Each structure stands twice: as C-alpha cells, then as structure tokens.
Amino acid sequence: MAVSSRLVSVVSAKALVGAVCAGLAAGSAMAQEKFPSRPIQVIATFGAGGGADLMARQMSRLAEPILGVALPVSNVAGASGTAGLTRLLTNSPDGYTVATLIALSVSAWASNISTQKPDDFTIVAMTQDSPSMLFVPTNSPHKDIKAFLEHAKANPGKLKVATSGYGTQDDITLIYLEKLGYKTTNVPFARPAERYAAPIGGHVDAIYEEPGDVAQFVKAGQMRALVTFNDERHFAFRDVPSSKELGMQISDLPNFRTLAVPAATPADRVKVLAAAFDKVLDSPEWKKYCEDTYTCTQKLTPEQAKARVKAFYETVQSYQKRFPDMKKGTN
Amino acid sequence: MDLVSLLTQGIAGTFAPYNFAVMVIGLIVGVVAGALPGISFVNAMAMALPFTYLMPPVAAMTFLGGIYVGGVFGGSISAILINIPGTPASLPSCWDGYPMSRRGESGRALAIAITASAVGGLMSALLLTFGAPPFARIALTFDQPEFFAATILGIVSVVAIAKEDAWRSFLSLFMGLAVATVGIDPLYGVARFSFGVPALESGVNFVVVMIGLFAIGEVLDLICQRQDQSALGRRRDGGRRAGLADLWSVKGSIARGTGIGCMIGVIPGAGATVGAVIAYGVEKQASGQGDRFGTGVDAGLAAPESAKNATTGAAMIPLLTLGIPGSAATAIMLAALLIHGINPGPLLFATDPRLVYTVFVSMIVANLLMIVAGVAVARGFAQLMRIPPAVLGAFIVVLSVIGAFGVRNNIFDIHVCLAFGVAGLVMKRFDFPSAPLVLGVILGPLAERYFLTSLANHDDRVSVFVTRPISATILAMALAFLAWAMWPRMTRLWRRAPA
C-alpha cells in the first residue's frame with residue numbers, strides 16, 4: 001500500500017512538474033490538469049481513536065478506490081479542532097488537503113476561541129449527524145427523566161453531569177435545563193475515556209453524550225438512556241422520550257461531522273471531491289459504519305451543508321446571547 | 001467456556017502463522033523505533049495504523065501490541081548507550097544506565113534493562129490475562145482526586161530523586177510546569193502565554209521538549225566541544241557482562257517496580273513515564289543505597305525499567321474490559337479495533353472471546369520474545385555506536401526533527417524542539433538538570449486537569465483530596481517522600497541559623 005502510494009506520488013510529482021511547465025507556457029493549464037493526480041491529505045482535527053478521526057479514516061479508506069489516489073490521514077489535534085482547521089486554511093486551496101470539521105469546532109468559533117467562521121470553508125460532505133442524549137448508570141436511583149429532573153429541582157446543583165467541557169453544546173443544554181429550574185452541575189472531562197468511566201464508576205450521576213459513542217456501554221448494561229435532545233425519539237431507543245415531548249425547545253444542537261476544504265478551492269475540484277464522497281456515503285460499508293454508530297444522515301449538497309453549518313453557528317451564538325453568564329470554555 | 005479452553009484458543013490464535021509473524025515484525029519495528037532518538041513508540045504505532053486496515057482485527061492487535069511492548073523497552077537502548085532517551089518513559093533509565101555505560105559496562109546495563117523490562121511486562125500481561133475484570137473494577141473506584149494525588153506523587157518523586165542539588169531540580173521542575181501552562185487551558189478555554197501566536201494556543205508538547213533538551217541538546221554539546229568530552233563522543237561498548245547473580249540481586253527492585261507499574265498503568269493519562277519516575281523515587285528510598293543513586297546502581301536501573309514495561313499490560317485492562325483507552329498508545333489500538341467495527345468493552349468477552357484471549361496470550365508471548373528482539377537490536381545499536389560522533393550527531397538531528405514534526409504533524413513543533421535544544425545546551429553547561437523540566441511538562445497538565453475536574457465534581461471543595469481515603473493515602477506518601485528528600489537540607493539550614 002505504502003509502496004504503491006509512494007509510486008503514485010512519484011509518478012504524480014512528475015505529472016505535476018509537467019503541468020507546471022505547461023502552465024508557464026499556456027497560462028491556464030491548472031484548470032485542465034486532471035484532478036486528483038496526487039495523494040490528498042486528510043487532516044483529522046482530533047486525536048487518534050476519536051469520532052472525527054474514525055470518520056476521516058473510514059472516508060479516506062473508502063474514497064481511495066473511487067478517486068484513484070491515496071488519502072493519507074494525519075491527526076492535527078488541539079484547540080477544539082481549530083488547530084487542524086488552521087492548517088487546512090494555510091495549505092494552498094487546491095483540493096489536495098481536506099479536513100474534518102465538526103459541530104464542536106463550530107461552537108468554538110461562536111465562543112470566539114478562534115477567528116474562523118463558516119464562510120472560510122466549503123463543505124464537501126456532510127458525513128454524520130446525531131442528536132445527543134442523557135445517560136445514567138444502570139444502578140442509578142432515577143428511573144426516568146421525570147424522576148431525574150424532579151431530583152434536580154429539589155436538590156439544585158447536586159446532580160453531576162459529565163460533559164466534554166464548558167461552552168459546548170453539552171454546557172448550553174445544561175444551562176437551558178437550569179433556566180427551566182433543573183439545576184445540575186457540569187463536570188467537564190476533556191478526555192472521552194475519563195468521561196465514560198466517570199458514570200460507570202459512580203463518580204457522576206449522568207453523562208451528556210451522543211448515543212453512538214456510548215452504545216456499547218448501554219448494550220453491556222452499564223448505562224441506560226433518559227432522554228433524547230431532539231424533536232423525535234431516537235430510532236434505537238424507542239422507549240426513551242424526546243425533549244420535545246417534555247415541552248423543551250432544545251433540539252437544535254446535534255453533533256454533526258463534515259469534511260471541508262478552504263472556501264477558495266476551485267469549484268470543479270470541489271465537485272470532484274463532493275461526488276467521490278457522495279459515492280462513499282452510498283456504499284454498503286459506510287452504511288454499516290454509520291448504522292453501528294447511530295450517525296447516519298441525509299446527504300447534502302455543498303451549498304446545503306454550508307447553510308447547515310452557518311445556521312448552527314448562528315444558533316450557538318444566539319444561545320450565548322441568551323446565557324451571557326455562560327463560561328467560555330473549550331475541550 | 002472455561003478458562004482453559006479460552007486460553008487454548010488464545011494460544012492457537014497467537015501462534016497462527018500470520019498473527020505471529022506480524023507480532024514479531026511489530027516487536028522489531030517497536031524496539032528500533034523506540035531506540036531511535038526522536039521517534040517514539042506512539043509515533044510508530046500511529047504510522048503503523050493504516051497498515052492494520054488490511055489485517056484481520058486479531059492480527060492488527062498482535063501487530064500493535066508488538067510495537068507497544070517493543071517500543072516501551074526500545075527507548076532504553078539509546079538512554080543507556082548515549083544518554084538520549086528514545087521515549088519519555090526511558091528518561092529515568094538515563095540516570096543510572098548511562099553512568100554504567102560510561103564505566104564501560106553498557107552490556108551489563110542492557111542485560112539488566114532487558115531482564116527487568118521483560119519481567120515487568122510479563123507480570124503485567126499475566127495480570128491482564130488472569131485478573132483483568134476484578135482489576136478493572138478496582139480501577140473504576142479511582143476518581144479524579146486519586147489521579148491528582150498520584151500525579152502529585154510523581155511530581156514529588158522528581159524532587160526526591162534529585163541527585164545532588166534539590167533546589168536546582170525544584171527550579172527546573174517548576175520551569176517545566178510553567179512551560180506546560182502555555183496554550184488554551186483545559187477547562188475554561190482561556191489562552192495563556194500564547195502572545196497572540198495561534199500555534200502556541202495548542203500548547204507545548206512534552207515529547208517535543210524532551211527531544212529538544214536531550215537529543216538536540218546533546219548534539220549541540222558535541223558540536224561545541226572536543227569530541228571525547230560529550231556523551232556522544234565518550235562511548236565505550238562491551239565491558240563486563242551481567243551474570244545470573246547480578247540479575248538475581250535486583251529481584252527486589254524489579255518486584256517493586258513491577259508493582260508500581262501495574263498500579264500506575266491503569267490510571268488514564270499517566271502511563272509509562274509516570275510509572276518509571278515514581279518507581280525510581282520509591283526505589284531510591286527502599287533499596288537502602290539511595291545516596292549512590294545516579295552513579296550507575298543496578299537497582300536504580302532495574303526499578304524504572306520494570307515499572308515502565310509493567311504499565312503496558314495494565315494499560316490494556318481498561319481498554320479491553322471497559323472500552324476506555326488510558327493512554328495515547330491504547331487509543332491507537334482502540335482506533336484499530338473500531339475501524340474493523342469491533343467495540344472493545346465488557347461485551348467483547350462474550351461476543352469475541354477468541355480475539356480477547358489471543359490478545360492476552362500474545363502480550364505474554366511478546367514480552368518473552370522482546371528479550372530476543374531487544375538483544376538483537378541492542379547489538380546492532382552497539383555497532384552503530386562505532387560510527388564517528390559527527391555522523392551519528394547528524395543522524396540524530398534528522399531523526400529528532402522528523403520525530404518532533406511527527407508528534408502532531410506540526411511545523412511549529414520543530415521550531416520549539418530546536419529552541420529547547422539550545423536551552424538543553426545552556427542547561428548542560430551550567431550543570432542544570434533538564435530531566436525535571438521534561439517531567440514538569442508531562443505532569444503539569446495532568447495535575448491541572450485532574451485538579452480542576454476534581455473541584456468541579458465536588459462542589460469546589462479543596463478538602464476532597466484529603467477526605468477520600470485513597471487520595472489521602474497517596475498524598476501522605478508524597479508528603480513523607482518530600483520530607484525524606486528535604487530532611488538533610490532542612491537540618492543543615494537549622495544548624496546554620498543563629499540560635
């Protein structure tokens with residue numbers, strides 16, 4: 001694999017030299033160069049083993065035969081994913097660098113952690129989407145969400161909820177519950193591993209997480225779900241009420257993952273990438289993967305996806321205006 | 001299914017030709033990568049990850065397990081031979097391993113290191129095989145305050161192990177803790193000491209600091225002085241071999257190191273480096289020859305060697321039993337499994353016991369084979385040591401730059417690494433210890449994160465650290481450690497003070 005990809009890159013380097021020479025002569029040969037003709041770097045904006053990393057690796061693995069070039073994944077983690085996105089933006093916008101862009105990074109922009117904004121990027125694929133849920137350890141005294149909320153109301157701040165950090169969708173949701181009179185304490189665990197261990201070990205009362213990430217703990221009987229923060233019930237948790245049934249208006253903070261390129265990338269190359277990733281999303285391998293992780297989503301065109309990201313950005317901003325005392329935070 | 005038939009399946013899986021072959025390849029790759037200054041085993045595992053896509057899941061795990069086991073040991077080869085730790089976990093192995101090499105006893109030092117590592121790793125793999133579920137339950141009772149206390153014990157060990165000048169070690173440690181605060185804080189998202197430079201917001205990585213201070217610093221030192229004066233120029237190989245009696249005499253040190261390594265291994269985040277440092281500190285106190293530590297004492301090499309490899313099996317307990325990876329290395333293993341659609345965790349024991357027990361058995365076998373791979377690679381490295389220091393230095397610089405970049409695929413890290421290289425040279429010239437600085441950069445962020453999350457989870461009560469029994473016990477140990485290390489200095493100060 002490595003040998004063949006190196007071969008590809010040697011061959012394509014020659015092709016590129018040829019293209020540059022031709023470009024000097026003809027002026028606009030760039031536009032006619034076959035794309036892609038060399039490996040496309042995929043930046044996973046979080047560490048190995050996380051949701052964004054796995055998405056990048058699955059997408060790149062399945063897109064390689066379609067695009068005909070290698071798609072090596074490298075992890076550039078840090079600052080809620082914005083470090084990797086900065087790398088994407090500083091590389092030349094020629095379509096040969098793609099990065100994961102996820103909801104968490106967008107809410108980090110809204111918290112002014114970075115100067116990035118939706119218009120800096122073109123989304124080439126909306127790959128995954130999932131509402132988040134509240135889970136408790138199986139032996140929790142709270143039978144259902146009503147019991148949990150009643151306890152929170154009677155004992156403000158006594159219930160501890162493990163989250164990914166302050167200023168995130170997790171935090172906004174807990175503050176929303178607090179405004180309704182259900183005050184809990186946000187306990188941020190930056191590392192997913194520690195976050196999952198906390199409720200299982202009985203160190204916190206609940207955890208805010210997307211179902212795909214903790215499904216195995218639910219299947220193993222270590223956690224159970226209380227509520228889905230969405231308009232509808234979750235297809236895999238039919239007996240768990242949705243937040244809308246409870247009269248809550250907090251369905252607009254799902255956790256989505258996308259693949260993005262810089263906004264300045266030529267439209268024809270965006271088209272090639274979008275078409276290839278589109279094929280991947282239709283493949284049975286990908287379908288199985290997204291079903292296993294409860295993250296299957298409707299396919300969107302780059303324009304629709306961009307609108308989606310923008311809307312999410314504005315939603316988070318408006319929540320921040322509503323909750324001015326929210327800690328800034330990151331993870 | 002009973003244990004015997006599960007183990008039989010595991011043995012069959014381990015010795016299936018393909019699984020076994022990739023494990024051996026992994027071991028060799030791990031030892032070599034670990035031994036190369038700059039390339040750590042975590043780097044090697046990350047680079048190897050795409051290859052595992054093509055393997056069946058069982059083979060992917062034996063392959064990565066091989067790199068892990070081999071890599072954690074491999075770092076000690078360069079630590080002992082040229083005073084440059086190949087991975088952060090081998091830092092304590094420099095302190096007594098390199099002085100032995102300087103005496104011309106590198107062969108003996110390597111034999112002790114390999115034996116101690118293999119015994120530690122083997123015990124840890126046996127614990128993984130026979131005690132994983134109960135041990136995982138114990139690990140789950142540990143919460144953030146306990147992790148914080150263990151990190152404090154690590155920080156105090158750094159001072160306790162100071163060779164001569166505890167105050168300089170203190171200062172160096174605190175410089176490291178200060179460097180570690182650079183970047184966005186883990187809870188509140190506030191950028192600290194980033195001076196508006198976006199690259200600094202991601203913080204300073206400890207592997208980059210270590211490569212800079214030790215590898216680049218050592219090469220700069222070589223450039224700046226007569227060849228025979230620096231560690232790279234002052235190499236002698238061969239010397240007295242280790243007899244069985246030598247190895248038997250450090251059995252107590254190996255046992256203590258193994259115990260500490262197994263305990264630290266299950267704590268998420270801490271890992272091999274913290275285990276090795278605490279083991280060195282404890283050994284200095286427990287061995288009864290503490291005042292000679294740092295001059296090339298067998299016990300001072302054996303304890304951290306056994307501890308760091310004893311973290312390998314233990315770190316896989318939370319991964320396999322709970323699906324929770326505690327370290328960068330086990331996170332990569334998790335990625336390899338998830339790519340194949342396998343979720344590690346309690347269900348895995350029921351759905352795919354063959355995979356679980358093959359991993360168990362292969363970890364045991366990998367630790368035994370590590371002796372062979374370790375000896376072979378160490379021999380090769382000893383040959384490499386004959387090439388002129390200038391050439392060796394050039395190689396080390398290249399590997400360091402690649403290694404520094406490879407940590408996060410970040411160009412800025414190379415600049416940081418080179419800057420710390422200059423700092424390393426200066427510190428060396430002023431006889432200022434640099435190891436405490438690296439350990440400060442490693443332990444600082446852990447302590448901060450555990451501290452803040454502990455407070456968030458316990459109503460901002462600082463007393464939580466002393467009201468929880470396990471955390472209080474560990475902190476009391478840390479206090480005793482500190483008192484023990486500082487006692488001679490304190491009494492000297494009092495005597496000097498006017499009555």
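The values are calculated or read from the model by the stated rules, or taken from the named source; none is laboratory data. If you're wondering where the values come from, they're calculated on a predicted model, not measured in any experiment. Glycine gets a Cβ as well: all are built from the backbone with ideal geometry, and neighbour counts include every protein chain shown.
Below is a table of values for the structure above.
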| item | result |
| --- | --- |
| All helices (runs of 4 or more DSSP H) inside segment A:167-221 with 1 or more residues being in contact with a strand residue (DSSP E or B) (Cβ under 7 Å, 6 or more places away or on another chain) and within 22 Å of A:TRP109 (Cβ to Cβ) | A:169-179 |
| Helices (runs of 4 or more DSSP H) completely within segment B:104-199 that count 3 or more residues being surrounded by fewer than 21 Cβ atoms within 10 Å (Cβ to Cβ), more than 14 Å from chain A (Cβ to nearest Cβ) and among the acidic types (Asp, Glu) | none |
| The lone exception for B:THR295 - which of (1) in contact with a Pro (Cβ under 8 Å, 6 or more places away or on another chain); (2) crowded, with 24+ Cβ neighbours inside 10 Å it fails | (2) |
| Per-region count, segment A:127-158, residues surrounded by 24 or more Cβ atoms within 10 Å (Cβ to Cβ) and free of Cβ contacts under 8 Å to residues at least 60 places away in the same chain | 1 |
| Identity of the residue in segment B:49-83, out of contact with any Gly (no Cβ under 9 Å at 6 or more places or on another chain) and among the hydrophobic types (A, V, I, L, M, F, W, C), that ends up surrounded by the fewest Cβ atoms within 10 Å (Cβ to Cβ) | B:LEU54 |
| B:LEU334 being free of Cβ contacts under 8 Å to residues at least 40 places away in the same chain, within 14 Å of another protein chain (Cβ to nearest Cβ) and surrounded by 22 or more Cβ atoms within 10 Å (Cβ to Cβ) | yes |
| Qualifying residue in segment A:138-158 (condition: farther than 25 Å from B:ARG192 by Cβ, within 13 Å of chain B (Cβ to nearest Cβ) and among the small types (Gly, Ala, Ser)) | yes |
| Selection count where residues are closer than 19 Å to B:ALA139 by Cα and either crowded, with 19+ Cβ neighbours inside 10 Å or within 14 Å of chain A (Cβ to nearest Cβ) (or both), scope segment B:452-491 | 10 |
| Any hit, segment B:453-472, residues being without any contact (Cβ under 8 Å) to a residue 24 or more places away in the chain and under 25 Å from the mean Cα position of the chain (by Cα) | no |
| Selected residue [touching a residue at least 24 places away in the same chain (Cβ under 8 Å), in a helix (DSSP H, G or I), of a type outside the set (Gly, Ala, Ser) and more than 30 Å from B:LEU140 (Cβ to Cβ)] from B:LEU439, B:LEU418 | B:LEU418 |
| Options B:THR181, B:THR129; residue that is of a type in the set (Ser, Thr, Tyr) and out of contact with any Pro (no Cβ under 9 Å at 6 or more places or on another chain) | B:THR129 |
| Residue among B:ALA350, B:ALA390, B:ALA373, B:ALA299 that alone is touching a residue at least 12 places away in the same chain (Cβ under 8 Å) and over 30 Å from B:LEU222 (Cβ atoms) | B:ALA299 |
| A:SER114 vs. criteria farther than 23 Å from A:THR297 by Cα and touching a residue at least 60 places away in the same chain (Cβ under 8 Å) | no |
| Some residue of segment B:277-290 being under 13 Å from the mean Cα position of the chain (by Cα) and surrounded by fewer than 22 Cβ atoms within 10 Å (Cβ to Cβ) | no |
| Residue list for segment A:141-158, restricted to those being part of a helix (DSSP H, G or I) and out of contact with any Pro (no Cβ under 7 Å at 6 or more places or on another chain) | A:LYS146, A:ALA147, A:PHE148, A:LEU149, A:GLU150, A:HIS151, A:ALA152, A:LYS153, A:ALA154 |
| Segment A:185-207 residues that are facing chain B (nearest Cβ under 7 Å) and acidic (Asp, Glu), paired with ones that are in a helix (DSSP H, G or I) and crowded, with 23+ Cβ neighbours inside 10 Å (beta carbon under 8 Å, 6 or more apart) | A:GLU194/B:GLN144; A:GLU194/B:THR453 |
| Evaluation of A:PHE277 against (1) more than 18 Å from A:ILE66 (Cα to Cα); (2) touching a helix residue (DSSP H, G or I) at 6+ places or on another chain (Cβ under 7 Å); (3) buried (at least 16 other Cβ atoms within 10 Å of the Cβ) (one fails), failing number | (1) |
| One residue from A:VAL124, A:VAL161 being crowded, with 22+ Cβ neighbours inside 10 Å, in a strand (DSSP E or B) and away from every other protein chain (no Cβ under 14 Å) | A:VAL124 |
| Residue in segment B:338-354 that is more than 14 Å from chain A (Cβ to nearest Cβ), part of a helix (DSSP H, G or I), of a type in the set (A, V, I, L, M) and touching a Gly at 6+ places or on another chain (Cβ under 9 Å) present | no |
| Test for B:GLY300: is it within 25 Å of B:GLY107 (Cα to Cα), touching a helix residue (DSSP H, G or I) at 6+ places or on another chain (Cβ under 6 Å), in a helix (DSSP H, G or I) and away from every other protein chain (no Cβ under 12 Å) | yes |
| Scope segment A:66-103; condition free of Cβ contacts under 8 Å to residues at least 40 places away in the same chain, more than 22 Å from B:GLY189 (Cα to Cα) and within 13 Å of another protein chain (Cβ to nearest Cβ); matching residues | A:LEU71, A:VAL73, A:SER74, A:THR90 |
| Some residue of segment B:20-42 being surrounded by fewer than 22 Cβ atoms within 10 Å (Cβ to Cβ), modelled with pLDDT under 90 and in a helix (DSSP H, G or I) | no |
| Subset tally (residues that are part of a loop (DSSP other than H, G, I, E, B) and at pLDDT below 85) for segment B:204-249 | 16 |
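Results for (1) modelled with pLDDT of 90 or more; (2) not small (Gly, Ala, Ser), shown as yes or no for each residue.
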{"position": "A:THR258", "(1), (2)": "yes, yes"}
{"position": "A:ARG269", "(1), (2)": "yes, yes"}
{"position": "A:ALA274", "(1), (2)": "yes, no"}
{"position": "A:VAL280", "(1), (2)": "yes, yes"}
{"position": "A:THR293", "(1), (2)": "no, yes"}
{"position": "A:VAL316", "(1), (2)": "no, yes"}
{"position": "A:PRO324", "(1), (2)": "no, yes"}
